[in-house]
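The values are calculated or read from the model by the stated rules, or taken from the named source; none is laboratory data. Keep in mind it's a predicted model, so treat the numbers as computed, not measured. Because the Cβ atoms are built from the backbone with ideal geometry, glycine has one as well, and the counts that use them run over all protein chains shown.
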Amino acid sequence: MHREPLAALFLSISRAAIAVICTIVFLLILVPPAKADPGDTLHTIRTRGYLRCGVSQGITGFSIRDSSGHWGGIDVDFCRAVAAAALGNPSKVQFVPLSTTARFPALELQEIDILARNTTWTVFREPTFQVQFTGILYYDSEGFITAKGGPFAHSATLDGAKICVQDGSNEAANITEYARAQNLHLTLLNTANLKAARQQFEAGACDILTDDSSTLAEMLLHVPNPNDFIIRPEHIARQPLSPAVRWDDPDWAALVRAVYAALIDADVRGLTQAEAATIGTTGNNPMTIAYLSETAPIGRALSLAPNWAAQAVAAAGNYGEIFNRDLGAGSPLKLDPGPNKPWTEGGLLYVPPFQ
Ligand SMILES: N[C@@H](CCC(=O)N[C@@H](CS)C(=O)NCC(=O)O)C(=O)O
């Protein structure tokens with residue numbers, strides 16, 4: 001007896017449900033999903049539980065995986081220090097290997113929170129890619145490598161040379177400027193990635209390979225006969241390598257800069273990784289008093305724990321320790337620090353005071 005009204009009720013309910021579903025689907029198609037709020041990277045990484053750090057696909061000393069898949073290098077250590085300060089845990093980092101051309105789009109598309117990938121800080125790149133560089137981790141230069149037996153090993157001039165250069169790097173622009181200033185006729189051969197650049201060069205497709213001097217030094221670690229090559233004396237351009245973040249989140253940029261300042265400040269003060277791990281937040285240890293009393297109010301302003309700076313140093317070491325482990329005497333590269341020392345030791349690393 002009640003069947004017919006009941007069936008009509010079900011029919012109208014299901015029609016209403018279909019209409020609601022169609023409206024939702026329509027709205028989803030019409031309105032693209034909102035991007036994560038760009039202005040709150042710290043909140044995003046805390047919610048996600050880890051930091052996403054864009055690195056290279058493998059440059060010894062900067063960012064490279066060992067045989068067990070563990071990442072190491074100065075860029076990697078920097079991201080670990082940021083994760084320690086922001087999340088209280090240096091292992092909460094996902095490393096995202098990126099090619100030279102993919103690195104800035106990855107940052108812009110929020111696929112990474114920080115780019116720490118042997119990347120040169122240039123004035124052009126900040127407005128063009130809408131990034132902020134956060135502090136020079138390594139003062140580098142652009143140089144040339146050539147075959148020891150080739151025509152440009154000892155020649156005074158590079159006129160007529162064919163030069164392999166990495167697509168998407170700033171190196172081609174540097175060479176073009178150099179050639180104009182020196183009145184040289186050079187032919188550039190653009191290569192898609194580091195592997196291709198090295199293969200072309202080793203196969204003799206170009207006379208010279210240009211790259212950051214640190215990357216040329218790391219190449220010599222991997223070729224079967226390093227003595228077959230010679231690094232020429234020219235340093236044709238400054239290559240200050242720095243991490244970068246998107247420029248739409250000044251709080252996040254300030255946090256990353258603060259970590260950078262803490263690593264160098266700790267070097268100047270002589271606060272080591274071992275000491276930072278044990279100084280604690282109370283007691284009369286002079287370093288505790290100096291460090292925590294000076295950095296605590298900054299922690300509040302950056303939404304970080306009072307011991308954020310000690311955590312960063314405990315995770316990665318102070319700048320000098322990081323340099324030594326990844327690029328200097330304690331590393332396979334054994335690079336001389338040159339200007340990569342704090343100002344107190346005659347270097348170029350100079351950071352603002354904490355207070
Ligand atoms: N510092 C330069 C060069 C950076 C760069 O991407 N260099 C290449 C080598 S020439 C590289 O690191 N490749 C590693 C990779 O593709 O993973 C820049 O910022 O443009």
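If the Cβ limit is 9 Å and pairs must be 6+ apart or interchain, which residue in the stretch 331-355 that is acidic (D, E) pairs with which residue that is buried (at least 17 other Cβ atoms within 10 Å of the Cβ)?
Sorted first by the residue in the stretch 331-355, then by its partner, the pairs are D336/G328; E345/D267; E345/V268; E345/G320; E345/P337.
Return the only residue of L209, L216, L220, L263 being farther than 14 Å from I145 by Cβ and modelled with pLDDT of 95 or more. Can you show your working first?
Details: L209 fails: farther than 14 Å from I145 by Cβ; L216 fails: farther than 14 Å from I145 by Cβ; L220 fails: farther than 14 Å from I145 by Cβ.
Only one candidate qualifies: L263.
Looking only at the stretch 159-191, which residues are part of a loop (DSSP other than H, G, I, E, B), among the hydrophobic types (A, V, I, L, M, F, W, C) and either near the ligand (Cβ under 9 Å from one of its atoms) or touching a Gly at 6+ places or on another chain (Cβ under 9 Å) (or both)? I'd like the intermediate steps shown before the answer.
Here is the first cut: in the stretch 159-191, the residues part of a loop (DSSP other than H, G, I, E, B) are 159-161, 167-170, 183-186.
Adding the requirement that they be among the hydrophobic types (A, V, I, L, M, F, W, C) leaves 161, 184, 186.
Those that are part of a loop (DSSP other than H, G, I, E, B), among the hydrophobic types (A, V, I, L, M, F, W, C) and either near the ligand (Cβ under 9 Å from one of its atoms) or touching a Gly at 6+ places or on another chain (Cβ under 9 Å) (or both): L184, L186.
Name the one entry in A254, A262 that is closer than 30 Å to L302 by Cβ, crowded, with 22+ Cβ neighbours inside 10 Å and not β-branched (V, I, T). Don't jump to the end; show me each part of the working.
Working: A254 fails: crowded, with 22+ Cβ neighbours inside 10 Å.
Within the list A254, A262, the selection yields A262.
Can you list residue pairs whose Cβ atoms sit under 6 Å apart, with the first residue in the stretch 94-109 being over 16 Å from T60 (Cα atoms) and the second being of a type in the set (S, T, Y) and more than 10 Å from the ligand (Cβ to nearest atom)? Count only pairs 6 or more apart in sequence or on different chains.
Within 6 Å, the pairs are Q94/Y50.
State all residues of the stretch 50-89 that are within 16 Å of the ligand (Cβ to nearest atom) and either part of a strand (DSSP E or B) or aromatic (F, W, Y) (or both); if no residue qualifies, say none.
Within the stretch 50-89, C53, G54, V55, I59, F62, S63, I64, R65, W71, G72, F78 meet the criteria.
So, of the residues in the stretch 91-137 that are buried (at least 16 other Cβ atoms within 10 Å of the Cβ) and among the aromatic types (F, W, Y), which turns out to be nearest to D326 (Cα to Cα)?
Ranking the candidates gives F95 first.
With respect to the numbered conditions (1) surrounded by fewer than 21 Cβ atoms within 10 Å (Cβ to Cβ); (2) part of a loop (DSSP other than H, G, I, E, B); (3) hydrophobic (A, V, I, L, M, F, W, C), which one is the sole condition not fulfilled by L271?
(1)
When the residues of the stretch 192-218 are filtered to those that are outside any helix (DSSP H, G or I) and hydrophobic (A, V, I, L, M, F, W, C), which remaining residue is surrounded by the most Cβ atoms within 10 Å (Cβ to Cβ)?
Initially, the stretch 192-218 is screened for residues outside any helix (DSSP H, G or I), giving 192-193, 203-212.
Next cut, hydrophobic (A, V, I, L, M, F, W, C) only: 192, 203, 205-206, 208-209.
Working: A192: 14, A203: 8, A205: 15, C206: 21, I208: 23, L209: 28.
Ranking the candidates gives L209 first.
Can we say L98 is over 24 Å from Q182 (Cα atoms), modelled with pLDDT of 95 or more, more than 12 Å from the ligand (Cβ to nearest atom) and among the hydrophobic types (A, V, I, L, M, F, W, C)? Talk me through it step by step, then tell me what you get.
Values: over 24 Å from Q182 (Cα atoms): yes; modelled with pLDDT of 95 or more: yes; more than 12 Å from the ligand (Cβ to nearest atom): no; among the hydrophobic types (A, V, I, L, M, F, W, C): yes.
Criteria not met by L98.
Please state which one of R125, R65 is closer than 20 Å to K195 by Cα and of a type in the set (K, R).
Only one candidate qualifies: R65.
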